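**Student:** Below are the structure tokens for one structure; questions will follow.
The values are calculated or read from the model by the stated rules, or taken from the named source; none is laboratory data. The structure displayed is predicted, hence computed values, not measured ones. All Cβ positions, even for glycine, are placed from backbone atoms using ideal geometry, and neighbour counts span all protein chains on display. Keep in mind that these areas ignore ligands, DNA and RNA; they rest on the heavy atoms of the full protein, side chains included. Shrake-Rupley method; radii C 1.70, N 1.55, O 1.52, S 1.80 Å.
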Amino acid sequence: SRNAMLGVVGAVVVVVAAVMVYLSLHSSNGSSGPKTTSSGQLAPPAGVADVQKLLDGIPQTGLVLGDPNAKATLVEYGDLRCPSCRQWDTTTAPKVIEQLVRTGKIKLEFRLWPITSDAQGTNADAINAARSGMAAAAQNRYWYYALLFYKNQVDETKTYVVPTFTHWLASAAGIKDLGAFDKATADNTVEAAIQQNGAEATNYGFNGTPSFLAITAAGKTAPLQADQTDVAAIAKELGVG
């Protein structure tokens, strides 16, 4: 019948759309975006259990992770689409969090600086990622969202920061109000904060992401001089080692 035929066509369209989303997000560097299960549902993002274990019980306020009374702060200027940021935030950041943040010695602050280029040769997708990060911060779930973003990051040459991707991560990050998340993502006032981050980074002489600022226990603020992968050296420079 005609209705049956339309039903089949509709089902095919849904399957094709799901496949196209996957193919458009699949990364040549081994990372990928949302994957669908055999039932057509989105599979959970990679790394959910690891991120929960790492962060649970640590205070989060906005873009800051850790005890608000911690005497020193390590500031990361980063881009959620940046592969080098992904490397640091999935290898060194967990050590910093366990050894320095969870113990109350320092706070870890993220300042979003979207500079990577997308498939169109602009940084529009990076700005969209930064906007979504600010939206996660508005619900105090930024670090859950950011670390899941890095664990599921797609090839930086692609344009992929769309609602399908951000909702997939936001839900897994424990963001309860996706309506408020979308509203905050679309809020143009966040542009001023993002631009301010870029101006600060430039003033400190940073020319790429990730770059780090050390706010020491003694109150000194300066670009981090220690090897950014050496947790003991970072702690010493911050005055807590």
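**Student:** Using a ≥ b ≥ c from the Cα gyration tensor of the stretch 87-239 (square roots of the eigenvalues), is it rounded, prolate or oblate, where a/c under 1.5 gives rounded and otherwise the larger of a/b and b/c decides, a/b for prolate? Working shown, then result.
**Tutor:** Values: a/c = 1.78, a/b = 1.48, b/c = 1.20.
Cα axes put the stretch 87-239 in the prolate bin.
**Student:** Quick one: if you stick a label point 7 Å off each Cα along the C-beta vector at A192 and Q99, how many nm between them?
**Tutor:** A separation of 4.0 nm, rounded to one decimal place.
**Student:** Let me cross-check E191: its accessible surface, 1.4 Å probe, with only protein heavy atoms counted, in Å² to the nearest 10?
**Tutor:** Near enough 40 Å² of accessible area.
**Student:** Follow-up. State which entries of K151/K183; K35/K158; K105/K183; K35/K183; K176/K220; K176/K236 exceed 27 angstrom in Cα-Cα distance in the structure shown. Walk me through the numbers before you get to the answer.
**Tutor:** Details: K151/K183 25 Å; K35/K158 16 Å; K105/K183 35 Å; K35/K183 25 Å; K176/K220 38 Å; K176/K236 38 Å.
Over 27 Å apart, Cα to Cα: K105/K183; K176/K220; K176/K236.
**Student:** Follow-up. At 7 Å along Cα-to-Cβ for each site, give me the label-to-label distance between K53 and N207 in nm.
**Tutor:** The two pseudo-label positions are separated by 4.0 nm.
**Student:** Sort 216-229, 60-73 by the packing proxy (mean of other Cβ within 10 Å over each peptide's residues), most packed first.
**Tutor:** On the way: 216-229: 13.4, 60-73: 18.1.
Highest to lowest by the protection proxy: 60-73, 216-229.
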